[in-house]
Amino acid sequence: MREDNEATAAHSGSIVLAVRPIEADAFRPYGDVVRRGEPQSANDGFALKRDGQFPFASAHLPGPEAATLTVSAFAVEERPEPVLIAGVERHPHSPQAFMPLDEGKAMILVACPREDGGIDEGTLAAFVTEPGEGFVYKPGIWHSGVTGYGGPARFVAVQWTGSDADCVTRDLDRTVRITVTS
């Protein structure tokens, strides 16, 4: 998967998308928007926790490997402008969730798959979260790597792992240039 800021925005045939706020209705074709819960006292008052509820079914990954629910921490940086995306990935058999650990924002590029599993360029969209918002990609949704928006951000990611067949990467036919508007 290439995510390339060295490609030129003047590249003929590039796709230009404006980033927009992530809202449940607009994001529904790609997955679900989730909010980090309010702080709650835990562990006899010695801890604060914030729950996030994910619509997350178990995965049935292809092959003999058992699926393992994996939790990862991501520290992401903001990409320099122009934001150029040249490659994407997808998880055909499982969802993938991202929940913020701080007040940072995320920017993502998403696309629905065609019936043959390829990238449906007509569904390409770029979204930005607000502080406290996360998202869950539906199985099979093409997406860029998460990047910070307006600065660095930290996220916890939750996904089923255990099969190489559930992480597919692909270069885009045309570089996508995401325009950032205030």
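Of all positions in region 41-55, none carries a residue that is assigned to a loop (DSSP other than H, G, I, E, B), at pLDDT 65 or above, basic (Lys, Arg) and under 19 Å from Met107 (Cα atoms). Any residue at all in region 81-96 that's more than 12 Å from the chain's Cα centre (by Cα), part of a loop (DSSP other than H, G, I, E, B) and either surrounded by 21 or more Cβ atoms within 10 Å (Cβ to Cβ) or polar (S, T, N, Q) (or both)? Yes, region 81-96 contains at least one residue that is more than 12 Å from the chain's Cα centre (by Cα), part of a loop (DSSP other than H, G, I, E, B) and either surrounded by 21 or more Cβ atoms within 10 Å (Cβ to Cβ) or polar (S, T, N, Q) (or both).
Annotation note: of Pro113, Pro131, the sole residue that is farther than 17 Å from Tyr30 by Cβ and either over 13 Å from the mean Cα position of the chain (by Cα) or aromatic (Phe, Trp, Tyr) (or both) is Pro131. No other residue among Tyr149, Tyr137 is within 9 Å of the chain's Cα centre (by Cα) and touching a residue at least 12 places away in the same chain (Cβ under 8 Å) apart from Tyr137. Taken together, the residues in region 152-182 that are modelled with pLDDT under 90, among the charged types (D, E, K, R) and under 16 Å from the mean Cα position of the chain (by Cα) amount to 1.
Out of all the residues in region 62-70, is one or more of a type in the set (Val, Ile, Thr), modelled with pLDDT under 80 and in a strand (DSSP E or B)? Within region 62-70 (the criterion being of a type in the set (Val, Ile, Thr), modelled with pLDDT under 80 and in a strand (DSSP E or B)), the answer is yes, since at least one residue qualifies.
Checked against the criterion of being farther than 29 Å from Asp120 by Cβ and either at pLDDT below 65 or not small (Gly, Ala, Ser) (or both), region 2-17 has no qualifying residue.
The values are calculated or read from the model by the stated rules, or taken from the named source; none is laboratory data. Keep in mind that this is a model prediction, so the values were computed, not measured. Don't worry about glycine lacking a Cβ; one is built from the backbone with ideal geometry, like all the others, and counts go over all protein chains shown.
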